[in-house]
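Worksheet: one structure, shown below.
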Amino acid sequence: MAVIDTLMETAVADTDLLRKLDAQGDQFGIARDVEFLLRAPSAEKATTVASFINDYQYGVATAQDLDDSPSILVIVHMPIEQHAIQSVSGFMACVCELFGLDYDGWGCVVQMHA
């Protein structure tokens, strides 16, 4: 049940963020770099997960802050229409569940015109 709960919580958070971006005039269909942040319990785990994401080309992942607060920054170039962003966000949440990480959500720069 934990994965289902995580996916439901993630969908609510994604929808809230989309509403905020919509209020700023974002054009969801414009592709842009979307950053997903995954928090790791150790530098080793951050490096392992970043390699997994890069090896299978799920995004461009970088392990960062390995000494203080290990995390993985994953960049995916994509539009943020609800079905697309929730699919990728849900996938990142599942990766976190599988590897014992904490999913810290996503963000991007508002896109107003093509």
Practice task
Evaluate the charge dipole of the chain about its Cα centre and quote only its size in Debye, nearest 20, assuming +1 on the Cβ of each Lys and Arg and -1 on the Cβ of each Asp and Glu.
Solution key: 240
Completion exercise
Whole-Hz Karplus couplings 3J(HN,Hα) for the range 41-52, θ = phi - 60° and coefficients 6.51, -1.76, 1.60, Gly and Pro as x, run x, 8, 4, 4, 5, 4, 5, 4, 5, 4, 5, 4
Problem - Share of carbon and sulfur in the accessible heavy-atom surface of the chain [1.4 Å probe, %] - result: 54
Completion exercise
Summing -39500 (n - 2.57) over every DSSP H run of at least 4 residues in the chain and dividing by its residue count gives a helix-only mean residue ellipticity at 222 nm, to the nearest 500 deg cm²/dmol, of -15500 deg cm²/dmol
Practice task
Would you be so kind as to identify which of SER89, LEU17, HIS77 lies farthest towards the positive end of the dipole of the chain, taking Lys and Arg as +1 and Asp and Glu as -1 on Cβ and the Cα centre as origin?
Solution key: HIS77
Exercise for the section: Output the relative contact order of the range 40-114, whole-number percent, from Cα pairs under 8 angstrom with separation of 6+ residues. Expected result: 26
Handout entry: Cβ-based net charge around LEU73, under 13 Å, with every Lys or Arg adding one and every Asp or Glu removing one
Key = -3
Fill in the blank from the handout: Under the 7 Å Cα-to-Cβ spin-label approximation, ALA84 and THR6 lie apart by a distance in nanometres of 2.5
Practice task
Quick one: what are the phi-derived ³J(HN,Hα) couplings along the range 33-40, Karplus 6.51/-1.76/1.60 with θ = phi - 60°, whole Hz, x for glycine and proline?
Solution key: 6, 10, 9, 10, 10, 10, 8, 10
Problem - In the range 49-84, the chymotrypsin sites (Phe, Trp or Tyr not before Pro) that fall in loop regions by DSSP, at most 16 other Cβ within 10 Å - result: TYR56, TYR58
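The values are calculated or read from the model by the stated rules, or taken from the named source; none is laboratory data. Model, not experiment: these values are computed from the prediction. Here Cβ is always computed from backbone atoms with ideal geometry, including for glycine, and neighbour counts include all displayed protein chains. When the accessible area is computed, the model is the full protein with side chains, heavy atoms only, and any ligands, DNA or RNA have been set aside. Shrake-Rupley method; radii C 1.70, N 1.55, O 1.52, S 1.80 Å.
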